[in-house]
Amino acid sequence: MPRPQLSGRYPAPAGPDGAVVDGAADGDADRFDTASFETELAARESAALESRHRASADAGDINAANQLGALLLRRGDLEDAEPYLRKAAAAGLRAAANNLGVLLHQRGHRSEAGTWWRQAAVAGSAPAAHALGLHLRDHGDEESAEYWLHFAAEQGHPLGAYALGDLMEHRRDVRAERWFKAAADAGHREAAYRLARMREAAGDKESAETWYRTAAVRSHARAALRLGVLVEERGAREEAARWYRQSAQNGEPRAACALGFLLRDSGDLPSAAEWWQEAAEAGDGNAANALGALHAARGEDGAAERWYRAALDAGDHNGAFNLGLLCSGTGRETQAEQWFRRAAYAGHREACNALAVILLQRGDEAGAEPWFSKAAEAGSVDGAFNLGILHANRGEQRQAQEWYARAAAEGHGEAALQLAVVKEQRGDLTAAMERYRQAATGGSAEGAFRLASLLDRRGDVAEEAEHWYAVAADQGHARAQVRMGVRAAERGALEIAESWYRRAAEIGSRSAAFNLGLLLARQEREAEAMLWYTRAADAGHGRAALRLALLALRRGEPVQAETWCRRATDYGPPEVAERAARLLDAMHPELSA
C-alpha cells in the first residue's frame with residue numbers, strides 16, 4: 001500500500017543571511033567549511049523552532065501542537081509526536097487528523113488511523129481522502145474507496161487521481177484513463193506509464209510513445225524500456241539504444257537484454273555480450289539464453305550449457321529447449337530427449353515438436369503423435385507441418401491437407417509446397433501456381449523451381465520464370481541451376497552457363513555434369529569434358545555413357561566402347577538405349593574379329 005501523504009506546513013530551515021562569519025573580516029585568510037557551517041546553523045534554527053513550538057503547544061496553542069506534531073512525525077519520533085497530534089486533531093484541525101492517521105498507520109493501528117482520516121476527509125482534506133480511499137480499498141470496500149479517491153482527485157490531488165485510475169482499471173472501467181491522465185499531467189510518472197500502456201493496448205502507438213516519453217524523462221525504467229521498443233520498431237535504433245541504456249542503468253534487466261540485441265544487430269558483439277551478462281546476472285533468462293547461444297556458436301559448449309542452465313533457473317524454459325539442442329548437436333541424444341521433454345511438459349511448443357521428432361525417428365509413432373499435436377495446437381508451424389506428414393504417411397490425405405494448410409497460413413514454405421503438388425496433380429494449375437508462389441516466398445527452393453516450371457510452360461512470362469529459377473538456384477536447387485545454365489548457354493553467356501552447370505554437378509547432378517562436359521568439349525577442353533562425362537555416366541546418365549562410347553571408338557578402344565554402350569543401353573532413356581544397341585551391332589564384327 002502506498003505510504004499516505006503528510007499534510008500541514010513544515011517550515012524549511014533557512015540558510016544564513018549573507019556570508020558574514022563571526023570574527024572574520026573581508027580579505028581574512030582564515031578558511032571555514034561553508035557547508036558544515038550552514039548545516040550546523042540550520043540544525044540550530046530547527047531546534048529553536050521546535051523549542052518555540054513545544055513551549056507554545058504546552059501552553060495550549062493548538063496550531064503550535066499541530067506544527068510540532070508534524071515536525072516530530074517527519075523526523076520519525078512517533079511516540080513524542082502522537083500526544084501533540086491527538087490534541088490538535090481533537091480540536092478539529094484537519095491537517096492534524098490526517099497526520100495522526102499517518103502516525104497510527106505506521107504504528108500498525110490501522111482501524112483507528114481510518115477513523116482520523118475520515119474525520120480529516122470530511123473536513124475537506126484531499127490527502128486524508130486519498131489515504132482513506134486506500135484504506136477502504138485494502139479492506140475490500142471498493143465502492144466507498146472510489147468515493148473518497150474521487151473526492152481527492154477532484155481537488156487536484158495527483159496520488160488520489162492515480163489511485164482512482166488504478167482502481168478503475170482493475171474493474172475494467174474506461175474512466176481509468178481520464179484519471180491516469182490527470183495524475184500524469186500533474187507529474188506522476190507511474191500514471192504516465194500506465195496511461196501509455198493503455199494507449200498502446202488500444203493500438204494508439206503515437207499517443208503511447210508520448211506518454212512513455214513523459215514517464216521516461218522522469219527516470220521511469222519500464223517506460224524507458226517500452227519507449228525504446230517503440231522507437232526501435234519504427235527504425236530509430238540510435239534513440240532506442242539511448243532509452244534502453246537509461247532503463248538498464250535504472251535497474252531494468254530487460255532493457256539491458258534489449259540493448260544487447262540492438263548492439264549485436266549493429267555488429268558490436270563484445271558490447272552486446274557485456275549487456276547480456278549484466279542482464280543475465282540480474283536474473284533475465286532471455287539474456288542468459290542469448291549468452292548461451294553466443295558461446296555455442298563459438299563451440300564453447302561448457303559455457304553455453306552454464307548460461308542455458310542459468311536461463312532455466314531464472315524460469316525461462318527456452319533454457320531447457322536450448323540445452324536439448326546443445327546435447328543433440330553433440331550426440332548426447334538421451335540427454336537431449338530429457339531436456340526436450342522437460343521443456344515440452346512446461347508448454348514449450350518447439351520442444352514438443354523436437355521431442356516428437358526424436359520419438360518418430362525411434363519408430364514410436366504413437367508416442368510422437370500427441371506431442372506433434374500439442375506443438376501444433378500451441379502454434380508451432382513446424383509441428384503442424386510434421387503432423388501433416390504423419391497423416392500423409394498413413395494415407396490420411398484429408399487430415400494431412402488440413403495441417404499443411406494451417407502451417408502454410410503461417411508462412412511455412414514446405415507446407416504450401418505439399419498443398420501445391422496436390423493441386424497440380426488434380427489439374428488445378430491456377431491454385432497450384434498460387435500455392436507454389438506462397439511456397440517460394442516462404443523459402444522453399446522446390447516451390448520456387450516448380451513455380452518457374454509452370455510459368456515456363458505458359459510461355460508468356462519468361463522473365464518471371466527465370467527469376468524464380470534463379471531464386472531456387474541460389475538456394476542450391478540442382479535442377480534450377482541446370483535450367484539457369486541452359487538459359488545462359490542459349491543466350492551465348494557460356495561463362496555463366498559453365499558456372500551454373502559446375503555448381504549443380506558438384507552437388508551430384510548428372511544432367512549438369514553431362515551438360516558441363518558438352519560445354520567444355522565445344523571449347524575444345526576434351527580432357528576435362530571426359531571427366532564430367534564419366535562422372536555423369538557413373539551416376540547413371542545414358543547419354544553421357546553413349547558419348548563416352550563414341551569417344552572410345554574414336555580413340556580406337558572398342559572394348560571400352562562396348563562397356564559404355566552396354567551401360568547406355570541399361571540407363572536409357574529408350575532412344576539412347578536404341579542408339580547404343582545399334583552401335584553395339586555395328587561394332588560386333590570388329591569385336592568378333
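Please list Phe37, Phe321, Phe180 from largest to smallest accessible area, probe radius 1.4 Å, with all protein chains kept in place. Walk me through the numbers before you get to the answer.
Details: Phe37 75, Phe321 35, Phe180 0 Å².
Listed by decreasing accessible area, they come as Phe37, Phe321, Phe180.
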Region 475-577, dipole about Cα centre (Lys/Arg Cβ +1, Asp/Glu Cβ -1), debye to the nearest 20 | 240 debye
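Kindly give Rg over Rh for the chain, based on alpha-carbon atoms, with the Kirkwood expression for the hydrodynamic radius. Don't jump to the answer; show the numbers that get you there.
On the way: Rg = 40.7 Å, Rh = 32.6 Å.
When Rh is taken as the Kirkwood radius, the ratio is 1.25.
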Computed ³J(HN,Hα) along region 62-74: with the Karplus parameters 6.51/-1.76/1.60, θ = phi - 60°, integer Hz and x for glycine or proline, the list is 5, 5, 5, 4, 4, 5, 5, x, 5, 4, 5, 4, 4
Could you tell me how many degrees, from 0 to 90 and to the nearest 10, lie between the Cα long axis of helix 494-506 and the main elongation axis, the longest principal axis, of the Cα atoms of the chain?
-> 80 degrees
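Charges only on Cβ, +1 for Lys and Arg, -1 for Asp and Glu: so what's the dipole of the chain about the Cα centre, in debye to the nearest 20?
Roughly 1520 debye, rounded to the nearest 20.
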Mean Cβ count within 10 Å, highest first, over the residues of peptides 41-47, 97-103 = 97-103, 41-47
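Quick one: Kirkwood hydrodynamic radius for region 470-555, alpha-carbon pairs, angstrom, one decimal? Please report the intermediate quantities before stating the final value.
On the way: mean 1/r = 0.0793 Å⁻¹.
Kirkwood hydrodynamic radius for region 470-555: 12.6 Å.
Largest first, what is the accessible-area ranking of His467, His170, His130 with a 1.4 Å probe?
Working: His467 95, His170 135, His130 5 Å².
The ordering from most to least exposed comes out as His170, His467, His130.
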Grab the Cα-Cα distance for Ser207 and Ala493, subtract it from 0.36 nm times how many residues apart they are, and report the gain in nm with one decimal.
-> 97.2 nm
Mind pulling the angle between the C-alpha long axis of helix 558-571 and the longest principal axis of the chain? Nearest 10 degrees, somewhere in 0 to 90.
-> 50 degrees
Round to the nearest 10 and report in Å² the accessible area of Thr441, as given by a 1.4 Å probe over the protein chains' heavy atoms.
-> 110 Å²
How large is Rg over Rh for region 152-274, taking Rg from the Cα atoms and Rh as the Kirkwood inverse mean of 1/r across Cα pairs?
-> 1.07
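Evaluated at 25 °C with a viscosity of 0.890 mPa s, what Stokes-Einstein diffusion coefficient in µm²/s does region 152-210 have when Rh comes from the Kirkwood expression over alpha-carbon pairs? Walk me through the intermediate numbers first.
Values: Rh = 11.0 Å.
For the chosen part, D equals 224 µm²/s.
What's the whole-number percent of alpha carbon pairs in region 516-593 lying beyond 20 angstrom? Each step should come with its number before you reach the end.
Numbers: 822 of 3003 pairs.
So the pairs more than 20 Å apart make up 27 percent of the total in region 516-593.
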The chain: angle of helix 510-522 to the longest principal axis, Cα-based, in degrees nearest 10 | 60 degrees
Under the 7 Å Cα-to-Cβ spin-label approximation, Ala431 and Glu50 lie apart by a distance in nanometres of 8.8 nm
Can you give me the three principal axis dimensions of region 275-401 from its C-alpha atoms, in Å, biggest first?
-> 52, 27, 21
With θ set to phi - 60°, apply the Karplus curve 6.51 cos²θ - 1.76 cosθ + 1.60 along region 244-257 and write out the HN-Hα couplings as whole Hz, x wherever there is a Gly or Pro.
-> 4, 5, 4, 4, 4, 5, 8, x, 9, x, 5, 5, 4, 5
Binning every alpha carbon pair distance of region 211-273 at 10 Å from zero, what are the percents per bin?
-> 28, 56, 15, 1
Determine by what factor the alpha-carbon radius of gyration of region 247-330 differs from 2.2 N^0.38 Å, reporting the quotient.
-> 1.02
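Which value in Å is the Kirkwood Rh of region 373-482 over different Cα pairs?
Numbers: mean 1/r = 0.0714 Å⁻¹.
For region 373-482, the Kirkwood estimate is 14.0 Å.
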Name the residue farthest towards the positive end of the dipole of the chain from the options Asn250, Ser46, Ser271, assuming +1 on Cβ of Lys and Arg, -1 on Cβ of Asp and Glu, about the Cα centre.
-> Ser271
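The values are calculated or read from the model by the stated rules, or taken from the named source; none is laboratory data. Note that this is a predicted model, so its numbers are computed, not measured. Note: ideal-geometry Cβ built from the backbone for every residue, glycine included; neighbour counts use all protein chains shown. Remember, those area values only see protein heavy atoms, side chains included, never the ligands or the DNA or RNA. Shrake-Rupley method; radii C 1.70, N 1.55, O 1.52, S 1.80 Å.
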